[in-house]
Structures are given as structure tokens and as C-alpha cells.
1. Of everything in the range 197-251, what is among the polar types (S, T, N, Q) and either more than 19 Å from the chain's Cα centre (by Cα) or closer than 30 Å to residue 276 by Cα (or both)? Give them in sequence order.
2. What do you reckon, is residue 61 open to solvent by 40 Å² or more (accessible area, probe 1.4 Å) and either over 22 Å from residue 204 (Cβ atoms) or in a helix (DSSP H, G or I) (or both)?
3. Out of all the residues in the range 342-365, which are hydrophobic (A, V, I, L, M, F, W, C) and touching a residue at least 24 places away in the same chain (Cβ under 8 Å)?
4. What is the residue count in the range 274-324 for residues that are part of a helix (DSSP H, G or I) and among the aliphatic types (A, V, I, L, M)?
5. Which of the residues that make up the range 229-267 are part of a helix (DSSP H, G or I) and in contact with an Asp or Glu (Cβ under 8 Å, 6 or more places away or on another chain)?
6. Would you list the helices (runs of 4 or more DSSP H) that sit entirely within the range 500-550 and hold 1 or more residues that are within 31 Å of the chain's Cα centre (by Cα), touching a residue at least 12 places away in the same chain (Cβ under 8 Å) and crowded, with 21+ Cβ neighbours inside 10 Å?
7. Name the single residue, out of those in the range 326-358 being over 27 Å from residue 527 (Cα atoms) and among the acidic types (Asp, Glu), that is farthest from the chain's Cα centre (by Cα).
8. So, of the residues in the range 250-287 that are within 16 Å of the ligand (Cβ to nearest atom), in contact with a strand residue (DSSP E or B) (Cβ under 8 Å, 6 or more places away or on another chain) and open to solvent by less than 10 Å² (accessible area, probe 1.4 Å), which turns out to be farthest from residue 101 (Cα to Cα)?
Amino acid sequence: MKLLSARTPWHPVSLLMILSAWLATVGNLPLWLTVAQLPETQGWRAVSTLVSLVLILSGLLGAFLSLLVWPRWLKPLGLLFLVMATSSSYFMWTYGVVIDTTMLANVAQTDVREVRDLLSWSMLVALVLGVLLPGVWLWQQPVRAVGAKSVFVRQLALMLGSLALALVMVWLSFQDLASLMRNHKQLRYMANPINSVYAVVRLSVGEAAQATQPLQPVGEDARLLTTGIDEANAPLMVLVLGETVRAANFGLGGYARDTTPQLRQLQAQGDLVYFSDVTSCGTSTQASVPCMFSHLGKAAYERNGQRFETLLDVLQRAGLAVLWIDNQSGCKGVCERVPNVSTTALKVSPWCDSGECVDEVMLHELPKQLAALDPVRRAKGTVVVMHQMGSHGPAYYKRSPEAIKQFRPECTSHALQNCPPEQIVNAYDNSVLYADHFLSQTVKWLQSQNRPTALMYVSDHGESLGEKGLFLHGMPYSMAPKEQTHVPMVVWLSQPLQRQRGWTAACLKAQADKPLSHDNLFHSVLGLAQVGTALPQPALDIFAACSAAR
Ligand SMILES: [Zn+2]
């Protein structure tokens, strides 16, 4: 205490060492608690594993910080690392997520509504303990003015010493650690703040590289296969882009609760088909949406560094009217060159009364927005995408209006782990009930148009509701549970469309249980819209079977 009250100024490198020690221990509490709870680290084994891992991380962080942080930057960068470590710790601990490039891209693309949903009292407590208290302490510390040479020598020594410590510890415990990292891949994404810094650098380098690429055309030969259709019979096709709905809680998929009663009625009438085995491209909106509208398919899309036109560009090139209506955080670049509207600024009662608009506001806007589209294009046919708020978490209870809710009580906390699991599921299932209602209302509206119409619905990714301690979504795909990747897909074809095309819903029913994925979407929408191109892989078009059966 005497030392502190005397306020002996610190050598900057000593303060740097304290910062790395804090980050390696307190700044990584979720990582250490996870390691301590693993089945292979029990008793003394847990202690020895933890000690070696803490020393390795201290070494790596010491080396990393001494490379990056020089005296002038010590305090501001120190604060930045405290913010990074604490916020990612909070999300890892609260939702079981890990920090990688996709997760960071999600964060970067999040809008104000979504941020509001994530705020909670426990987050405030975490920020006070993890940022405010150590931050104020760090900021107030007097630092000795030392010569550049002294700083350089000490910092170099710190870096080499830290690296040596990390290497020795890895060498001593290599067998144990190698199997631990192999069996629990998520640990690699949990080391703060290296995970966030790595993700920021990778994301910005990747985005910068892609932004400089020229836009590559796709399907330059796109043309309408149907000719001689008059304006009154031009088809209207709606693609509803679902949000965060997992197949496991979708009534039509065999869920114990009937969360899709209205769609079930449409299914009984024979014009609606549910696809039971559909896999998403990514585990987040940011990863899935651009992939779904890309001609590349998941594997090629993930390897791709170029900028390509999307499905919507191809539809537009074929002469169709295209429209994107967004009730979420944007179209992630896929609707840039087609007419698009966002509902964010709307105040339409009763849909926007709670401050945020529920998805039906899109249906309310649809006639007006359709009327504003180019009439020459509309006379050939129209494709509309409605991007739902869907079941976006963690505030599931906000995703269904009072009148829809059937399952109570609902979890109304944003810190999901504070709620009993059944209340989380209740709130989530109510949001699926609302998706059922929204889709059925859309079908009703399409039926009232007395022309060939169709609806296709697919969710962008699933959701974890606490299974294995995981919440939300966005796990790296290779370790993502099925709850995050198995999504519902539905197609409804109006009678006028079936007559016009000579199709029957039976051609789709034959494929209802086949393994399908987001890779099928691009080619199937082209098939539904009757747009021909020389793009390969027509086998991915689920409607090809309908034309073949004609
Ligand atoms: Zn999403």
C-alpha cells in the first residue's frame, strides 16, 4: 500500500506486464471456467492443465502486447483490449458463443434494434468490473518518462522472455494440450483478446480485398423461358427469407408442439409442401444471406474472393420486376442493384406500435411498393423478397404480438441463461407461431390476387436454445450443432400458377424428404421464375422435376 500511496511512477514496460497478466487471467475467465469444467480435466489434472494454459496465454499475450503496444499507446490500447476482452467474455459466458470472423462480421452488421436487444443489467455489471474499474486504475497510473533505448531493450526482453515461457510450457504439456484442442475446437476461439484482434484483422483485410474487386456479371444470357403471357397472367412470386427459425421447432417438421397450425391447413389443401431436410449455408445472417443468393453454392462461395452479381441481378436481367422489402438489418449487399425498401423508419399502426415493426408490416407495404415498380417489367412477372425479423434473439418475446402468443410464461430477460429453459422455448415457439401466421397471411393475400402466384420460404440459419450450454447462433460451421444448421423450407403454389405451368404440387412432394440445402435456392428460384441461363448445375432446381413431369 505504501508503494501505491507514494505513487512511484511505473516503468511503462512494467505496466505493460501488469496489463498482460490481467488480460491472461481475469480477462479470460470464461475460457478458464470452460477448461475447468471439461470432462478430461478433473481434480489435479484440472489444476495442472489450467496452470500451463494460463502460463502459455500469459506468454503469448506478453509477446503480442510488447510487439504492438509502445508507451505512448499503452493506456488507450490497454483500454481497447479491456473492452474487447470483457465484451467477448460476456457474450461467450452468456450465450456460449465463440469469437471468430463470422461472429465479428455479425457484430459489425448489427443495427441499433439488435444492440438494444442484447443489453442487460448483467452486461452492465460485466462492463463495470471488466472495463471501468481496471480501466480507471490503468488510466490513473503515473508512468515514468524513460529513454527510447531503455523501453526498446526492456520491451524486447519482455517479448523474448514471454515467447520463451510460452514455448517451454507448450513443450512440457504438448500431449495433453494437443488432444484438448482437438476435442474442444471452441477453445481456440476463446482466447481474449487475441480472438477479437485476429478476427478484426482477417475481416478487414478480406473485406478490403473484396471491395477492390470489379463486380463480375452472373448469368449474362438470362432470359424468360415463358413467352406470350399477358399482363393479367404475369406471375407474382414471393420469397420469404426467414430469420433464425430452426427446423426442430417447426410444427410441419414434426415438432411436438403445433407451432405451424395455419401452414398445416394449407398443406392439407394440397398446394403446400414442407421440405424436412434442408441445411443452411452458414450459421449467421451475415454468412448465410449472401451465400443463399450466390450462384456459387456453399463450398465455392466460402473459397471465393471475388465480387459477383446475385440471384436478384439475374432475375432483373431476364426482364422481371424485382423488389426487396427488409424488416431486418439489411440485405447484406445482395439487393444493391434492385429496388429495395426498409421498414426501419415506418410507424404503421398496429404493426409498429411497440417501437419496432413486426413482420406483417411488410405485407401492408407490399401493394404500394409493387405498384411503384416498372410496369413493363411487372407485365412479365415479379419476384419479391421479404426479409423477416422472424425469431431473432435473444429477445424472442418481442417477435410475436400479444394476440398470437399461445405458450406462456415467456422469458423476458435478454440474458437467456437467467430464464428457466421452458420459458425460453415458449417465447421462441411463439415467434414461430407468428412466422406461421405471417406466411399464411401472405398466402391469403397472394390467393386474392387472382393470378399465378407462389410463395417460397426458407430460414437463413437455426438457433441454439440452451442445448449443451449454447444460445443464439453463429458457431463456426464445422462445430455448429444441428439446431443452428437444420432449417425449415416451404413452397406453396397457387392453383392458377399450377394450371399455367402444367405443374402439380406432387412433383415437389416427391422431394420433400430429400437432403437439400441453401445451395438449391439460387437455381430453384430461377426455375420457379422460369428464367433460363447457361449456368451449370440445373440439378439443384427443385422445380425441374415439375417441368419434367408435365
Ligand atoms: Zn439470421
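The values are calculated or read from the model by the stated rules, or taken from the named source; none is laboratory data. Since this is a predicted model, take the numbers as computed values, not measurements. So basically every Cβ, Gly included, is an ideal-geometry build from the backbone, and we count neighbours across all protein chains shown. These area figures cover heavy atoms from the full protein model, side chains too; ligands, DNA and RNA do not enter into them. Shrake-Rupley method; radii C 1.70, N 1.55, O 1.52, S 1.80 Å.
1. Taking the range 197-251 first, the residues among the polar types (S, T, N, Q) are 204, 210, 212-213, 216, 226-227, 233, 244, 249.
Result: 210, 212, 213, 216, 226, 227, 233, 244, 249.
2. On the way: open to solvent by 40 Å² or more (accessible area, probe 1.4 Å): no; either over 22 Å from residue 204 (Cβ atoms) or in a helix (DSSP H, G or I) (or both): yes.
So residue 61 fails the test.
3. Of the residues in the range 342-365, the ones hydrophobic (A, V, I, L, M, F, W, C) are 345-346, 348, 351-352, 357-358, 361-363.
Answer for the range 342-365, where residues must be hydrophobic (A, V, I, L, M, F, W, C) and touching a residue at least 24 places away in the same chain (Cβ under 8 Å): 357, 358, 361, 362, 363.
4. Quick first cut of the range 274-324, residues part of a helix (DSSP H, G or I) only: 285-292, 297-303, 311-317.
Going one step further and asking which of them are among the aliphatic types (A, V, I, L, M), we end up with 287, 289, 292, 299-300, 311-312, 314-315.
Residues meeting the conditions: 9.
5. To start, the set of residues in the range 229-267 that are part of a helix (DSSP H, G or I) comprises 231-233, 247-249, 251-253, 261-267.
248, 249, 251, 261, 262, 263, 264 - these are the residues of the range 229-267 that are part of a helix (DSSP H, G or I) and in contact with an Asp or Glu (Cβ under 8 Å, 6 or more places away or on another chain).
6. Details: elements: 506-509, 519-528, 544-548.
Answer list for the range 500-550: 506-509, 519-528.
7. Only one residue fits best here, namely 353.
8. Of all residues in the range 250-287, those within 16 Å of the ligand (Cβ to nearest atom) come to 250, 278-287.
After this cut, where a residue has to be in contact with a strand residue (DSSP E or B) (Cβ under 8 Å, 6 or more places away or on another chain) as well, the list is 250, 278-281.
Retained after the next criterion (residues that are open to solvent by less than 10 Å² (accessible area, probe 1.4 Å)): 250, 278, 280-281.
Working: 250: 29, 278: 25, 280: 18, 281: 16 Å.
Checking each candidate, the answer is 250.
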